[in-house]
Amino acid sequence: MATYKKRGFKPKNKEEEAQIEEHDSTTAEVFNTLDEGASKTEEWVQKNQNYILGVIGVIAVGVLAYLGYHQFIQNPKEASAANELFYPQQYFDQALASETEKDSLFTLALNGAQGKYGFLDIIEEYSGTKAANLAKYSAGMTYLNLKQYDQAVSYLEDFSSDDDIMGAMAKGGIGDAFSQLNQPEDALDYYEKAIAHSNNEFTAPRFLHKAGVVALNLGEKSKALGYFERIKEEYPNSQEANGVDALVGLAQN
């Protein structure tokens, strides 16, 4: 037990004096140990300071490079890519509205014109940007309209989005492509993925209907019935609800 020694304190006897000397000796040993540890730490730091400074330097350079990349490279690249996407998207929209020049306008949307990039150029030149990701969606839908179904599947599978509408439309578009390629099992699989992606009132009844029809053609009547009944119960005001009673009847037979 440590002994507190008051100023001017004198030990009463030799035993008490011995206890004080032992305490002082122990305290000295502790401080000596601390001093030795500190000296070893300082020695290690001095010996390895180049390594330590190197590690700190690498971390600092990494942080600065990350910030600089986003500030001076990625952000301008995103802005430039978004600007480029405007032109092919116009051709795509015109193609959807056209009755006579669909194919030529869709081709311009893919390949560009008058020195402007098309969807395929943006995907290649601006890889990793949001615009390039959107260009994959548009390219996939363009190929779907051009009846080039393998290409449609390829680009739509590369597209990723958490958006309720676009994410579901991409998966449903792949289902449409497989349906045209006479691969109904794959088509049904992607229609189901589109349904699972979002239950919004625009895409959900659309792909419930398509999934039900494909399931009916595959002889999976109970599955088809489930999809048709969901349209009746959950989306009674949708366009797909019109005439769904007849499909329910076919699935029940």
| query | Out of the range 94-120, which residues are in contact with a Pro (Cβ under 8 Å, 6 or more places away or on another chain) and free of Cβ contacts under 8 Å to residues at least 24 places away in the same chain? | reply | Leu108
| query | Among the residues of the range 149-168 satisfying the criterion of being surrounded by fewer than 17 Cβ atoms within 10 Å (Cβ to Cβ) and among the small types (Gly, Ala, Ser), which is farthest from Ala204 (Cα to Cα)? | reply | Ser154
| request: Might you check whether a residue that is farther than 23 Å from Met169 by Cβ, surrounded by fewer than 19 Cβ atoms within 10 Å (Cβ to Cβ) and modelled with pLDDT of 90 or more occurs anywhere in the range 122-132? | output: yes
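Identify all residues within the range 172-212 that are among the hydrophobic types (A, V, I, L, M, F, W, C), within 25 Å of Gln148 (Cβ to Cβ) and open to solvent by less than 50 Å² (accessible area, probe 1.4 Å); write none if there are none. Break it down stepwise before answering.
Step one: filter the range 172-212 for residues among the hydrophobic types (A, V, I, L, M, F, W, C), giving 174, 177-178, 181, 187-188, 194-196, 202, 204, 207-208, 211.
Checking which are within 25 Å of Gln148 (Cβ to Cβ) leaves us with 174, 177-178, 181, 187-188, 194, 207, 211.
Matches in the range 172-212: Ile174, Ala177, Phe178, Ala187, Leu188, Ala194, Phe207, Ala211.
Conditions tested, residue by residue: (1) within 25 Å of Asp103 (Cβ to Cβ); (2) out of contact with any strand residue (DSSP E or B) (no Cβ under 7 Å at 6 or more places or on another chain); (3) surrounded by fewer than 17 Cβ atoms within 10 Å (Cβ to Cβ).
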| position | (1), (2), (3) |
| --- | --- |
| Lys147 | yes, yes, yes |
| Ala170 | yes, yes, no |
| Ala215 | no, yes, no |
| Glu234 | no, yes, yes |
| Asn237 | no, yes, yes |
| Gln252 | no, yes, yes |
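The values are calculated or read from the model by the stated rules, or taken from the named source; none is laboratory data. A quick note: this is a predicted structure, and the numbers were derived from the prediction, not measured. Because the Cβ atoms are built from the backbone with ideal geometry, glycine has one as well, and the counts that use them run over all protein chains shown. Just so you know, the surface numbers come from the protein's heavy atoms only, side chains and all, with ligands and any DNA or RNA stripped out. Shrake-Rupley method; radii C 1.70, N 1.55, O 1.52, S 1.80 Å.
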